1. Considering only DSSP beta bridges whose two residues both sit in the chain, what percent are antiparallel, to the nearest 5?
2. Given +1 on the Cβ of Lys and Arg, -1 on the Cβ of Asp and Glu, and no further charges, what dipole in debye does the stretch 259-340 carry about its Cα centre, rounded to the nearest 20?
3. Pick from 152, 138, 68: which is most flexible by mean-square fluctuation in a GNM of the chain where alpha carbon atoms under 10 Å apart are linked?
4. Can you pull out the chymotrypsin sites (Phe, Trp or Tyr not before Pro) in the stretch 360-441 whose DSSP state is coil and whose Cβ has at most 14 other Cβ atoms within 10 Å?
5. Per the Kirkwood treatment, what hydrodynamic radius in Å, one decimal, follows for the chain from the mean inverse distance over all distinct Cα pairs?
6. Which of the residue pairs 96/285; 94/285; 96/136; 206/285; 60/344 have a Cα-Cα distance greater than 30 Å in the structure shown?
7. State the answer as a single residue: which of 233, 154, 203 lies farthest towards the positive end of the charge dipole of the stretch 116-234, with beta carbon charges of +1 for Lys and Arg and -1 for Asp and Glu, about the Cα centre.
8. Take the alpha-carbon positions of the stretch 79-146, form their convex hull, and give its projected area averaged over all directions (one quarter of the hull surface) in nm².
Amino acid sequence: MSSVLTQTEFNQQLLNFIQSSPTPFHATHSIATRLSLAGFIELDEGAAWSLQSGKRYFIKRNDSSIIAFVYGKKSLLETGIRMLGAHTDSPCLKVKPQPELNRKGYLQLGVEVYGGALLAPWFDRDLSLAGRVTYKTAENTVASALIDFKQAIATIPSLAIHLDREANNSRSINPQRDIVPVLLQFAQEQSLTPNFKSILLAQLKKDCPHITATQILDFEVSLYDTQEPVLIGLQQDFIASARLDNLLSCLVGLEAILQANDEVSSLLICTDHEEVGSTSCCGAKGPMLQQFLERLIPDTETRIRVIENSLMISADNAHGVHPNFIDRHDENHGPLLNRGPVVKINANQRYATTSETSGFFHLLCEQHQVPVQVFVARTDMGCGSTIGPIVASEVGVKTIDVGVPTFAMHSIRELAGVADAHYLYQIATAFYQYPSAIRFI
Ligand SMILES: [Zn+2]
């Protein structure tokens, strides 16, 4: 087992993880690779299992969601399961099925907006493409692989202010018309438009030369910013990066479960499709976690008793109070960057936190000298949600919603504090080592 990471080491891992994870498929692959290296055994959901305590396992679903499980030597009934959940997806622009456009001799790709993306920051960025392609093999079977163009191959140019004098006052963004990226200029305006699938096939052969693909059958690829994640600020107080929501929490959970001991049982679940409601075969609203628990503990009564002794930390970023927009937060509940993880509370159950789960988390923070903050939305404003209430209602496990405070959530470049992810990692590590059942008297 590796030793606990320092803040500098953790943040370096975070920057590397985000850079190598431009899509949920890549994030899941990155997590699975780390788990395999640490001795976790991959299970096939389509095969029979015989799980043994003292061993470590993981499963993937749709290549974009993953559960890691440390099967502790102590009885599940005695200790319950320490669970931590996060999501692998982030808002982005996804390429449409028949995307090719040739306008004025420029090759463009039609895109859909995935999730609640903040669109303005997508203009004038150096964009690349990555995702999963499904192809026909030489043996006429269907297979999938991940591709990543890595280089800047596309951009969405802004309209010049001279052509829209009201741009700074009232420019709105029409997603069908305004965010279509430009990929190349043809030698002649009337050139034949290349087929996007043939571009993907060439990239697949480049990325995976051992594969014998004869045809791309379909694809799920999206645009991403090639600008690398960095520490930023005069004193390097911040992390600037794409997809901090919620790859940051995925890495917190991963690094923490890699430190888990063999005595008690620990579980990490990172699911896709949170940004679009989590309803899918591999989303938090789907049966993935429930089915895993059913196979781990087939007897219903025993399973319910184990769940009663368990707790889920749902980790997803929170909104730090923005110094330019202080009035967007309740005056007593404006979390600051670098002042610790945030417990998220909502009277209408948009967050699953209860006074008991919150109390447990506060005590854990106190015992490990980690500062903690509280967020509740302004009473006259709506509030986001996350996987916490979904998992709590699907599985019946008591849950707490927490996350690190950030600015610019759902922008193509978000901002977090340099200390907070490491704080949350310390607490997640302590949580995974919590020695007994998690019950409140
Ligand atoms: Zn999120």
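1. Beta bridges within the chain, antiparallel portion: roughly 70 percent.
2. About 40 debye.
3. Checking each option, the largest mean-square fluctuation is seen for 138.
4. When the chymotrypsin sites (Phe, Trp or Tyr not before Pro) of the stretch 360-441 are filtered for loop state and at most 14 Cβ neighbours within 10 Å, 440 remain.
5. Working: mean 1/r = 0.0437 Å⁻¹.
Result for the chain stands at 22.9 Å.
6. Pairs exceeding 30 Å: 206/285.
7. 203
8. Details: hull surface 37.9 nm².
Computing the convex hull of the Cα atoms and averaging its projections yields 9.5 nm².
FYI, it's all coordinate maths here, none of it is from the lab. A quick note: this is a predicted structure, and the numbers were derived from the prediction, not measured. Neighbour counts run over all protein chains shown; Cβ positions are idealised from the backbone, glycine included.
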